[in-house]
Amino acid sequence: MSAIKGDAMTGQIIIDLFTTLDGVQQAPGGPEEDPEGGFRFGGWQAPLIDEVDGEQVNAGIQSMDALLLGRKTYEIFAAYWPRYADGPSDSIASVFNGIPKYVASRGNPELPWATSHLVGPDLATDVAALRERHSSIHVVGSVDFARTLVREGLFDVLNLWVYPVVLGAGKRLFPGDGPPLGLTLLEPPVASPKGTVLLRYGPGGPVETADMDEALRER
């Protein structure tokens, strides 16, 4: 949902990530998606998909009017989705192929996918401009880039589909060296038949600490 301030639209930056119980988001879609670092479990999401999380993901795709991607995810998508127009995944492909794609990169990569645009080095300024231009801007995958958005506070919604699998090594949104981050649950979690749970968060305040005995006495 977007907000209106005067005559200007204030769109939302929505991060969509598929994650394991131990926080790995690397290469859920296929074995060759992202083997960086010797990752051996590419395609771990596919055996766990069911109708509930499939409908949740599709609903988000149908609502988006722009994609904001890291360079590596953009290259994966650009090589994949144009080939699937009019195929079994056309409901996704038609959206991805038709809406504007914004690519965050420190370099000057080629952007062959139709309606693709480069996001410049001033990320905060560019994100503010995207909010004025679109209502629902989704960041799909792009773990390294999503980590930057979270660290800089440049997001409105964090959708985490948590799957019942543990992989150990792999890329994570929340690295071991922080920074600390408070989040606010936006709605009750929804579980799917195969055990996936959708957690939908918004930015929260600073991380707080307290004595457990005092907290229990105050309840």
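Since only THR73, THR10, PRO189 are under comparison, the one whose Cα sits farthest along the positive direction of the charge dipole of the chain, derived from C-beta charges on Lys, Arg, Asp and Glu, is THR73.
Summing Cβ point charges (Lys, Arg +1; Asp, Glu -1) relative to the Cα centre of the range 93-219 gives a dipole of roughly 520 debye.
Of all DSSP beta bridges confined to the chain, the antiparallel ones make up roughly 40%.
When the residues LYS101, LYS171, LYS72, LYS194 are ordered by accessible surface, computed with a 1.4 Å probe over the protein chains alone, the sequence from largest down reads LYS194, LYS72, LYS171, LYS101. Based on protein heavy atoms only, the chain ends up with 54 Å² per residue of surface accessible to a 1.4 Å probe.
The magnitude of the dipole of the chain, with charges of +1 and -1 set on the Cβ of Lys/Arg and Asp/Glu and taken from the Cα centre, is near 300 debye. Loop-resident GluC sites (Glu not before Pro) (DSSP state other than H, G, I, E or B) in the range 59-164 with no more than 16 further Cβ atoms inside 10 Å of their Cβ: GLU110, GLU152. If you take the Cα centroid of the range 130-167 and the Cα centroid of the range 30-107, the two points sit 13 Å apart. Please give the calculated 222 nm ellipticity per residue for the chain, where each DSSP H segment of at least 4 residues contributes -39500 (n - 2.57) and the sum is spread over every residue; nearest 500 deg cm²/dmol? Computed mean residue ellipticity for the chain: -8000 deg cm²/dmol. Here the accessible area of the range 136-219 is 55 percent carbon and sulfur, with a 1.4 angstrom probe and all protein chains present.
If only the Cβ of Lys and Arg carry +1 and only the Cβ of Asp and Glu carry -1, the dipole of the range 78-155 around its Cα centre is close to 120 debye. Using a Cα-Cα cut-off of under 17 Å, which aspartates and glutamates could be cross-linked to LYS72, ignoring same-chain neighbours fewer than 8 residues away? Cα-Cα hits under 17 Å: ASP16, GLU32, GLU33, ASP34, GLU36, GLU110, ASP144.
The values are calculated or read from the model by the stated rules, or taken from the named source; none is laboratory data. The shown structure was predicted, so the numbers you read here are calculated from the model rather than taken from an experiment. Counting neighbours? That spans all protein chains shown, and the Cβs are built from the backbone with ideal geometry, glycine included. Heads up: the accessible areas ignore ligands, DNA and RNA and are worked out on the full protein's heavy atoms, side chains in. Shrake-Rupley method; radii C 1.70, N 1.55, O 1.52, S 1.80 Å.
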